[in-house]
Amino acid sequence: MTNLTLVFPEIFLSLSIMFLLILGVFKKNSSKLIQNISLIILLITSVITLNETLGIQEILLFNSSVIIDYLSSFMKIVTLLAAFLVLVISSNYLKILKIFKIEYPILILSSVLGMMIMISSNDLIVFYMGLELQSLALYVLATFNRDQLKSSEAGLKYFVLSALSSGLLLYGCSLIYGFTGSTNFNIIANQLNSNEYAITFGIVFILVGLAFKISAVPFHMWAPDVYEGSPTSVTLFFTMVPKIAALTVFIRFLYVPFLNLIDQWQMILIFLSIASMLFGAIAAIGQTNLKRLIAYSSIGHVGYTLAGLATGSNDGIQSSVIYITIYILMNLGLFSCLLMMKRNNKYFEDIEDLSGLSKNHPLISLSLLVILFSLAGIPPLAGFFAKFYIFKSVLEQSMYFLAIVGLLSTVVAAFYYLRIIKIMYFDKEKEKYDTDHGLWLKFSLMFSTLLILIYFIFPSQLIEVVSRINII
Amino acid sequence: MNFPILSSLILLPTIGAFFLFFTRSNQKNNITVKYVALFTSLVNFFLAIYLWILFDQSTSEFQFVEDRVWIKDLINYKVGIDGISILFIVLTTFITPLCIISVNKSIKNRLSEFLIAILIMESFMIGVFCSLDLVVFYLFFEAGLIPMFLIIGIWGGSRRVYSAFKFFLFTLLGSVLMLIAIISIYWISGTTDVVQLYELGIDAKYQNLLWLAFFSSFAVKTPMWPVHTWLPDAHVEAPTAGSVLLAAILLKMAGYGFIRFSLGLFPIASEIFTPLIYTLSVIAIIFTSLIALMQEDMKKLIAYSSVAHMGFVTLGIFTIQQQGLEGSILQMISHGLVAAALFLCVGVVYDRMHSRLINTYGGIVSIVPKYSVLFMLFTLAALGLPGTSGFVGEFLILMGAFKDNFLVAVIASLGVIIGAAYMLWLYKRVVFGKLVNSDLKQMVDLNKSELFILSCLAVPTLFFGFYPEPLINTIEVSISNLIKVYNFNIIGN
């Protein structure tokens, strides 16, 4: 029975989803109720995860196809909390767009379930199952504002390209299965024979699939369109939550079965990382839509996260985990500001709409200022430390080229963050925005801004938590 | 000493800024806001003076050291001062209150935000001068970009956006390479603690690249030719108080960095790259002095003269002679006072006539006599007339340079002549001559607060010109120790 307590969070979540579906069918106008129940479910699930699994070194379950270790527990909790915050701050937005339906929280819950399965997977099949579960929910979420052409377009684009990448990924899995005789990560590790080129092919195919999921260059094409077209609250979800799960799978996939083939995949990761950092920095310069800009900026940030993974060291993995955690925090604040930009029930998402924000809404613009400088990686804000840890582990492996390109692209990236600040602070003001923001929206903006601002006082805490992650 | 005096110096302005944050500035409480800021910065100034009195001049050890674990097993928050850094701290705390007093009608809106930016800036600048850990240093060094960017961008002149961006991106580009070097040092030597690094030394084979990485950052910040182009733009567009901070203190961070880190950590590389510094410094001195001659905008002229003066500073630092280094520090302090005063002088006439062009003025000597006297004093100090602080620094630098390299010293001395030319010509065109522009007749002479600020700057300028002993006594031991260690390292290799 011990087996089942360890996966109790997943079981609880899936039972709750079924319960909510039934509730939604039988009770009319229950969107608010279901929203609230989903929030409670997310909280309970994270508490269960915290209680049951945190502190476990490493346990393999179900014929070692599921792994519970510190990495999985930490990432699950981050996922759940991030999903909670997304859900809680998006309700107002959905109401105003008149898409506040029961499906929204349920879809988010099911994609979170898929992510939790991905995070815990120690087997190609389990991993693929989780991936598809989360992707299916995400396709629907992207088209959630179905009366809008852009939203439907986003969903369709995402579906087609994602299906393609899933195909590549499956092909890679089948190659690996064919040449090692197993889908289990540990068994693959034992059966590895580095002379088999087919295995390298398999790795490449799977990496392509994964790179697509976290939108690393050159598999990023879907991201700007999908981010722009989806409803803002869904974009927020896209930029934060799926990245955590994809990163975990990335770590697990590269470092458990294929650590010995590091010579084969390290170059690929370095390329993905450099390309993402540079492209994310340069392509964002010309954008006028904030959501598109955030898409490119998130591509850039994925590049930094991958730089940590490319090192092939425990330090690198830890720095990537720290990076993604801080990145999520910054993104939360950024989108909270975006969700506050509404006037007469209409949301604005162009950069120009921020013009003169500092005069009309000094506090919002001050928070946004802090968040943007942090995204640009200027000390003493949290974003600087995230980059600092990444480059510390990169330079430990003497990968100077990667470090130099990475830091130079932060300078390029600084330009477009500064441009937003310029528009907020140096330009003429426009009409005021509404100020009737929900309590949670204000809370999430304050929460993220304050944490970013005072992170430098307690930098050790996060490191201490993350330093227990031990993959290699 | 258990009382963390250096941390208090760093924190106090931020606490003051925190209080200001909760006062909405409007017409009514502008005065209150200003007094709160002024009070904070004055307390800080007296604290710094108290620090100077407590400071033990007879040792080159770091004093008032505070060492706390900051990021476990990685970085310690370590601050401390020696003879080299204390003067810069005193200068910073001296200039900031003057800046705050000088803020008047020129900052029309968002006064409290402006003062918050200045106070936070002060915190960061003090942090730069007393940090004894490379990462902590980098943190303060870079963090200063944020308030300065806002000061230029929000309260600046017409081309403020361009200037703010140029300032930010130039400096950031220089600094990221320094970050790579700092992290590399951590992996090479296992620590970023400056004191430990002084003892351990850094392997000679890494020094050249590391030196260049640090150089890229300091050269932009100094600024040295050919990466000085951000400075005139930033100065011209920044509001007066911003220009003063920029000229008086921000530029000194790089000079300080050269002494503390380039000479201290990489002596072998410094020896190799001295010709490079000499060349760039001499070009800066001659070239930017010539450019300054041709300027029509007063602020731009002074900005270019700053580049030339900083050329002297870098020249003096890399002579690695007692006189040269002492001269450089004195020159930096003196330039801090004089350039600040000159920018304030420009601010005074700009507030009245709303023009910085030299040909707007002319013949104002009889209209604003007090102004003309003080302006003359600072003009003469800028060109290094004996009896002003500018002379002592320049003289010592040239003396050090003559000892080390005759040719360089000769060319640099030519720069002094050109320097005299553009400063005197500026003064002549603005103050003397025929009164052509009849609007000038309405000009009012210095009001009380302006007179007070300029006199505050004039007193030390003259005092240290005649009697530089207190400054030299403070820095002497630290400098001679630095040179001793430096030469020991050179001979050792």
- Every pair of residues 6+ apart whose Cβ atoms lie under 8 Å, when the first sits in segment A:28-41 and is over 15 Å from residue A:103 (Cβ atoms) while the second is surrounded by fewer than 18 Cβ atoms within 10 Å (Cβ to Cβ): A:41/A:12
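Of everything in segment A:372-384 that's out of contact with any Leu (no Cβ under 6 Å at 6 or more places or on another chain) and under 15 Å from residue B:176 (Cβ atoms), which residue is nearest to the other protein chains (Cβ to nearest Cβ)? Full working, then the answer.
Going residue by residue through segment A:372-384, those that are out of contact with any Leu (no Cβ under 6 Å at 6 or more places or on another chain) are A:372, A:375-378, A:381-382, A:384.
Filter once more, so that each one left must be under 15 Å from residue B:176 (Cβ atoms): A:376-378, A:384.
Working: A:376: 8, A:377: 9, A:378: 6, A:384: 8 Å.
Of everything passing the filter in segment A:372-384, A:378 is nearest to the other protein chains (Cβ to nearest Cβ).
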- Task: Working only within segment A:43-58, note down all residues that are β-branched (Val, Ile, Thr), surrounded by 14 or more Cβ atoms within 10 Å (Cβ to Cβ) and modelled with pLDDT of 85 or more.
- Result: A:44, A:45, A:48, A:49
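Can you tell me which of A:393, A:444 is closer than 18 Å to residue A:313 by Cα, in contact with a helix residue (DSSP H, G or I) (Cβ under 7 Å, 6 or more places away or on another chain), buried (at least 17 other Cβ atoms within 10 Å of the Cβ) and not β-branched (Val, Ile, Thr)?
Details: A:444 fails: closer than 18 Å to residue A:313 by Cα.
Testing whether each residue is closer than 18 Å to residue A:313 by Cα, in contact with a helix residue (DSSP H, G or I) (Cβ under 7 Å, 6 or more places away or on another chain), buried (at least 17 other Cβ atoms within 10 Å of the Cβ) and not β-branched (Val, Ile, Thr) leaves just A:393.
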- Task: Give just the number: which of (1) without any contact (Cβ under 8 Å) to a residue 60 or more places away in the chain; (2) buried (at least 24 other Cβ atoms within 10 Å of the Cβ); (3) polar (S, T, N, Q) does residue A:79 not satisfy?
- Result: (1)
- Message: Please list, ordered by residue number, the helices (runs of 4 or more DSSP H) wholly in segment A:322-440 having 1 or more residues that are more than 30 Å from residue A:469 (Cα to Cα).
- Response: A:357-360, A:362-376, A:400-425
- Note on the structure: residue B:221 passes all but one of the listed conditions (1) within 30 Å of residue B:61 (Cα to Cα); (2) away from chain A (no Cβ under 12 Å); (3) surrounded by fewer than 23 Cβ atoms within 10 Å (Cβ to Cβ); (4) modelled with pLDDT under 90; the exception is number (3)
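Mind counting the residues in segment B:198-223 that are under 26 Å from the mean Cα position of the chain (by Cα) and of a type in the set (A, V, I, L, M, F, W, C)?
Narrowing segment B:198-223 to residues under 26 Å from the mean Cα position of the chain (by Cα): B:198, B:210-223.
Filter once more, keeping what is of a type in the set (A, V, I, L, M, F, W, C): B:210-215, B:218-220.
Number satisfying all stated conditions: 9.
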- Per the filter on segment A:4-17, residues farther than 18 Å from residue A:75 by Cα, of a type outside the set (Gly, Ala, Ser) and surrounded by 12 or more Cβ atoms within 10 Å (Cβ to Cβ) are A:5, A:17
- Could you please tell me which pairs satisfy a Cβ distance under 6 Å, a separation of 6+ or placement on different chains, a first residue in segment A:389-410 that is closer than 20 Å to residue A:372 by Cα and more than 7 Å from chain B (Cβ to nearest Cβ), and a second residue that is hydrophobic (A, V, I, L, M, F, W, C) and assigned to a helix (DSSP H, G or I)? A:389/A:322; A:390/A:307; A:406/A:277; A:406/A:307; A:409/A:277; A:409/A:278; A:409/A:281
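Let me confirm something: among A:443, A:456, which residue is touching a residue at least 24 places away in the same chain (Cβ under 8 Å), out of contact with any Ser or Thr (no Cβ under 8 Å at 6 or more places or on another chain), assigned to a helix (DSSP H, G or I) and not hydroxyl-bearing (Ser, Thr, Tyr)? Even if it seems obvious, please write down each step before you answer.
Details: A:443 fails: touching a residue at least 24 places away in the same chain (Cβ under 8 Å).
Being touching a residue at least 24 places away in the same chain (Cβ under 8 Å), out of contact with any Ser or Thr (no Cβ under 8 Å at 6 or more places or on another chain), assigned to a helix (DSSP H, G or I) and not hydroxyl-bearing (Ser, Thr, Tyr) holds for just one of A:443, A:456, which is A:456.
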- Item | Residues that are over 30 Å from residue A:23 (Cα atoms), among the aliphatic types (A, V, I, L, M) and free of Cβ contacts under 8 Å to residues at least 40 places away in the same chain, drawn from segment A:42-76 | A:54
- Query: When only residues in segment A:448-472 that are closer than 19 Å to residue A:54 by Cβ and surrounded by fewer than 15 Cβ atoms within 10 Å (Cβ to Cβ) count, which is nearest to the other protein chains (Cβ to nearest Cβ)?
  - Reply: A:464
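Quick one: count up the residues across segment B:354-410 that are part of a helix (DSSP H, G or I) and either of a type in the set (Val, Ile, Thr) or farther than 18 Å from residue B:445 by Cβ (or both).
Step one: list which residues in segment B:354-410 are part of a helix (DSSP H, G or I), which gives B:358-360, B:369-382, B:389-404, B:406-410.
In the following step, the residues that additionally are either of a type in the set (Val, Ile, Thr) or farther than 18 Å from residue B:445 by Cβ (or both) were identified as B:358-360, B:373, B:379-382, B:389-404, B:406-410.
Summing the residues that are part of a helix (DSSP H, G or I) and either of a type in the set (Val, Ile, Thr) or farther than 18 Å from residue B:445 by Cβ (or both) in segment B:354-410 gives 29.
Against the condition in contact (Cβ under 8 Å) with a residue 12 or more places away in the chain and polar (S, T, N, Q), how does residue A:184 come out, does it pass? Quick ask: steps written out before the conclusion?
Values: in contact (Cβ under 8 Å) with a residue 12 or more places away in the chain: yes; polar (S, T, N, Q): yes.
Judged against the criteria, residue A:184 is a match.
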- Quick check: is even one residue across segment B:108-121 crowded, with 22+ Cβ neighbours inside 10 Å, in contact (Cβ under 8 Å) with a residue 60 or more places away in the chain, among the basic types (Lys, Arg) and over 15 Å from residue B:221 (Cα atoms)? no
- Does segment B:173-180 contain any residue that is in contact (Cβ under 8 Å) with a residue 60 or more places away in the chain and buried (at least 23 other Cβ atoms within 10 Å of the Cβ)? no
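Listed residues B:111, B:91, B:132; which is within 20 Å of the chain's Cα centre (by Cα) and closer than 24 Å to residue B:342 by Cα?
On the way: B:111 fails: within 20 Å of the chain's Cα centre (by Cα); B:132 fails: closer than 24 Å to residue B:342 by Cα.
After applying the criteria, what remains is B:91.
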- All but one of (1) more than 10 Å from every other protein chain (Cβ to nearest Cβ); (2) crowded, with 18+ Cβ neighbours inside 10 Å hold for residue A:436; which doesn't? (2)
- residue A:302: passes all of (1) surrounded by fewer than 24 Cβ atoms within 10 Å (Cβ to Cβ); (2) at pLDDT 90 or above but (1)
- Note on the structure: Only unsatisfied item for residue B:71, checking (1) of a type outside the set (Gly, Ala, Ser); (2) touching a Pro at 6+ places or on another chain (Cβ under 8 Å); (3) closer than 22 Å to residue B:460 by Cα, is (3)
- For residues that are closer than 24 Å to residue B:108 by Cα and among the polar types (S, T, N, Q), scanning just segment B:3-28, find the one that is modelled with the lowest pLDDT. B:25
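One line per residue, one yes/no per condition, for (1) touching a residue at least 12 places away in the same chain (Cβ under 8 Å); (2) touching a Phe, Trp or Tyr at 6+ places or on another chain (Cβ under 7 Å); (3) more than 23 Å from residue B:334 (Cα to Cα):
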| site | (1), (2), (3) |
| --- | --- |
| B:45 | yes, yes, no |
| B:53 | no, no, no |
| B:63 | yes, yes, yes |
| B:80 | yes, yes, yes |
| B:88 | yes, yes, no |
| B:102 | yes, no, no |
- Give segment B:139-180 a look and list any residue that's within 13 Å of residue B:233 (Cα to Cα) and not in a helix (DSSP H, G or I), or say none. B:156, B:157, B:158, B:159
- residue B:72 fails exactly one of the following numbered conditions: (1) among the basic types (Lys, Arg); (2) in contact with an Asp or Glu (Cβ under 9 Å, 6 or more places away or on another chain); (3) surrounded by 15 or more Cβ atoms within 10 Å (Cβ to Cβ). What is the number of that condition? (3)
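Quick check on segment A:76-84. Is at least one of its residues farther than 25 Å from residue A:337 by Cα and not β-branched (Val, Ile, Thr)? I'd like the intermediate steps shown before the answer.
To start, the set of residues in segment A:76-84 that are farther than 25 Å from residue A:337 by Cα comprises A:76.
Among the residues that remain, those that are also not β-branched (Val, Ile, Thr) are: A:76.
Yes, segment A:76-84 contains a residue that is farther than 25 Å from residue A:337 by Cα and not β-branched (Val, Ile, Thr).
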- Only one of B:183, B:188, B:202 that is closer than 28 Å to residue A:397 by Cβ, in a loop (DSSP other than H, G, I, E, B) and either more than 10 Å from chain A (Cβ to nearest Cβ) or free of Cβ contacts under 8 Å to residues at least 24 places away in the same chain (or both): B:202
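The values are calculated or read from the model by the stated rules, or taken from the named source; none is laboratory data. Quick caveat, the model's predicted, so the values are computed rather than measured. Note: ideal-geometry Cβ built from the backbone for every residue, glycine included; neighbour counts use all protein chains shown.
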